[in-house]
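Everything on this sheet refers to the single structure shown next.
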Amino acid sequence: MTKTIDYFYSLTSPWTFLGHRRLLGLAASVGASINFMPCNLGAVFQVSGGLPLPKRAPQRVANRMAELKRWRDYLGIPINVEPKFFPVDATEATLLVIAANASGEDVGALSEGILRAVWIEERNIADREVLSVIADEQGMNGAALLEKAASAEVAAQFEANTKAAVDANVFGAPTYIIDGDLFWGQDRLNFVERALAG
């Protein structure tokens with residue numbers, strides 16, 4: 001029986017980026033499907049006790065930086081741990097991804113393109129023109145997707161994704177849920193692999 005991964009993520013999360021391609025590979029290797037659920041992580045934090053980076057204690061910020069460098073080096077993914085455009089408002093980017101999903105586009109590739117833009121390419125994903133170009137680079141019609149992203153239906157889906165995250169007890173990104181079991185963080189992908197094999 002084919003398994004489904006509910007994938008709750010943020011398009012500005014370095015941890016999402018570090019795990020994204022590995023998740024896609026795991027799913028493809030076992031024929032699992034991914035339910036892409038980009039959500040408003042700020043709203044999730046409000047009900048789960050999380051804090052945005054600027055409000056975290058210095059020791060937590062320092063550990064985050066150390067861990068990012070460790071994982072960057074371990075995985076061989078050349079992320080810039082202090083990118084030019086971060087923090088950045090990911091609302092437009094998230095709406096674009098939801099619009100692409102509704103249009104049957106390759107949401108995994110588009111999400112990766114947006115994450116790369118932040119963490120490797122130093123591009124501003126709050127800029128609609130940048131988003132349009134990123135979508136075009138994935139073989140999509142960026143202008144048309146941005147138009148669709150402005151629809152009430154897409155906004156409603158964004159809210160629904162965020163509500164689903166809260167209802168599922170998500171508290172950070174990325175979170176993977178398989179058969180009701182929640183796995184938080186790209187460093188739990190080994191357990192995701194086990195769950196997919198089970």
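Each value in this text was obtained by applying a stated rule to the coordinates, not by laboratory testing. What you are looking at is a predicted structure, and each value in this text was computed from that prediction instead of being measured. Reconstructed Cβ throughout: ideal geometry from the backbone, glycine too, with neighbour counts over all protein chains shown.
How far, in nm, would the chain grow between Thr91 and Arg60 when pulled straight, counting 0.36 nm per residue and subtracting the alpha carbon separation? Walk me through the numbers on the way to the answer.
Details: separation 31, 0.36 × 31 = 11.16 nm, distance 2.55 nm.
Gain on stretching Thr91 to Arg60: 8.6 nm.
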For Ala164, put the label point 7 Å out on the Cα→Cβ axis and report which residues of the stretch 64-104 keep their amide N under 17 Å from it. 94-104
Please compute the net charge surrounding Tyr74, taking Lys and Arg as +1 and Asp and Glu as -1 over other residues with Cβ under 11 Å from its Cβ. 0
Can you tell me, using C-alpha contacts under 8 Å and at least 6 residues apart, the relative contact order of the chain as a whole percent? 34 percent
Using Cβ contacts closer than 10 Å as the measure, can you line up Ile177, Ile79 from fewest to most? Ile79, Ile177
222 nm [θ] for the chain, helices only, -39500 (n - 2.57) per DSSP H run of 4+, per residue, to 500? -17500 deg cm²/dmol
Could you order peptides 112-125, 159-172 by the average number of other Cβ atoms within 10 Å of their residues, highest first? 112-125, 159-172
Which residues in the stretch 169-185 place their backbone N less than 12 Å from a point set 7 Å from the Cα of Val47 along the Cα-to-Cβ direction? 169-171
